[in-house]
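The values are calculated or read from the model by the stated rules, or taken from the named source; none is laboratory data. Values in this document were obtained by computation on a predicted structure and should not be read as measured data. When we count neighbours, we look across all protein chains shown, and the Cβ atoms used for this are built from the backbone with ideal geometry, even at glycine.
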Amino acid sequence: MNVIRTITFNLQLPDGGSSALLDTMRAYSTAFSASAQWGFENHTWNKVENHKATYKAVRESVPDLPSSLVQGARDCACEALKAGKCASPPERKPLAAMRYNQRVITVNLIHGIATIASVRGRIKATFPISEYHRQYLSWTVTTSTISFDKRKKVFYLHISMEHPDVEPVQEVKVLGIDRGIVNVAVCSDNTFFNSKQVKRVRSKYAHLRRELQSKGTRSAKRKLRRMAGRERRFVTDTNHCISKQIVESEYTVFALEDLSKIRVQKRRGVEFNRKLNNWSFYELEQFLRYKAEDLGKQVVLVDARYTSQKCSVCGHAYKGNREGSSFRCRKCGFQLHADLNAARNIAQAGISCLSRLSVNQPNVAHS
């Protein structure tokens, strides 16, 4: 079972290194735009065809950009075209992140050194290695990405690494998890994740945001940006704590609703939409996934339809079964907290999902 992680380092560059990397980013974006435009005009994301048509012209327009970076920019452009089905030409900011393969960057995690190809030759950069990062010293580096924070004027090195030695857990014990607005997470084992502290902080940020937005001054906008950073860190920390506690439980499979369409559905009320978009449901899912992988456990996604309307005892689905946080089945009379009932439905759907996988792919659920 392969485990993939991306770790981030703050790059410390020599004199002239920052300007060299900035020029490299601009040249990379030029190469990306040329490949993206050709692919859009010819309605194709085929990398081989794009390479034959654009490589020579791109090399002439940015002669100092290493060929591997030219090819990397082309690959990114083709992937963007494929993602958008060539509906429009992909756009890229001049100082957007660059993808590096092992031919154009050499990373030494033991000594914290990276040699990076640029339009001005190789740059030798350093980065600090913390005790936390030392657990990855035996992992295999696959790809690297360099990004630039314009506000802080700092370069970051993102290293994707792979480790194949995690043994999957043999026992299958499913936990259903319902993610929501009032309760961040409710588990089918009767565990609720929400506290007065979470509600208080979320309300405080909402109030401050309204106050600052109503002023509209430059200083108010600066405070809004700073506040947004604090709020993101609070959300991330809370999701980390919740996901860690869930993953370290006795359960080996964690079933979640597929909420990929939640933000495009029609909702009622500005206040509801604010609360809906004020919490990162996907971030919690990501944290659960990578923490579960470390322990040989897994996360499965199930259909989100009717999980809050269906009775977890008799299976009767009716919109009127739920009223706010209360659930009462109109058929059998079963009563329970609505989020807990939904979590139990999600757990049952997760068990069904694993059963289908074990039939079609015997090694997925039990290997």
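A few notes on this one:
Residues checked against (1) surrounded by 12 or more Cβ atoms within 10 Å (Cβ to Cβ); (2) over 14 Å from the mean Cα position of the chain (by Cα); (3) at pLDDT 90 or above; (4) among the β-branched types (V, I, T):
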residue	(1), (2), (3), (4)
C241	yes, yes, yes, no
V247	yes, yes, yes, yes
A255	yes, yes, yes, no
D258	yes, yes, no, no
R274	yes, yes, no, no
S280	yes, no, no, no
E285	yes, no, yes, no
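- Residue within segment 190-204 that is over 28 Å from K291 (Cα atoms) and at pLDDT 85 or above present: yes
- Failed condition for L109, given (1) buried (at least 19 other Cβ atoms within 10 Å of the Cβ); (2) in contact with a strand residue (DSSP E or B) (Cβ under 6 Å, 6 or more places away or on another chain): (2)
- Checking each residue of segment 81-94 against the condition of being in the same structural domain as K153 (by TED's automatic domain parsing), outside any strand (DSSP E or B), farther than 17 Å from L13 by Cα and more than 27 Å from the chain's Cα centre (by Cα) gives no match.
- Note on segment 125-171: residues that are touching a His at 6+ places or on another chain (Cβ under 8 Å), hydroxyl-bearing (S, T, Y) and part of a strand (DSSP E or B) amount to 4.
- Every residue from segment 169-182 that is crowded, with 19+ Cβ neighbours inside 10 Å and of a type in the set (S, T, N, Q): none
- Screening segment 312-351 for residues that are assigned to a helix (DSSP H, G or I) and of a type in the set (A, V, I, L, M) and picking the one that is farthest from the chain's Cα centre (by Cα) gives A338.
- Residue list for segment 109-143, filter: among the aliphatic types (A, V, I, L, M), more than 26 Å from the chain's Cα centre (by Cα) and over 30 Å from A31 (Cβ atoms): I110
- Residues in segment 34-56 that are polar (S, T, N, Q), surrounded by fewer than 19 Cβ atoms within 10 Å (Cβ to Cβ) and assigned to a helix (DSSP H, G or I): 1 in all.
- Only one of the numbered conditions (1) in contact with a helix residue (DSSP H, G or I) (Cβ under 9 Å, 6 or more places away or on another chain); (2) touching a residue at least 24 places away in the same chain (Cβ under 8 Å); (3) surrounded by 12 or more Cβ atoms within 10 Å (Cβ to Cβ) is not met by K221, and that is (2).
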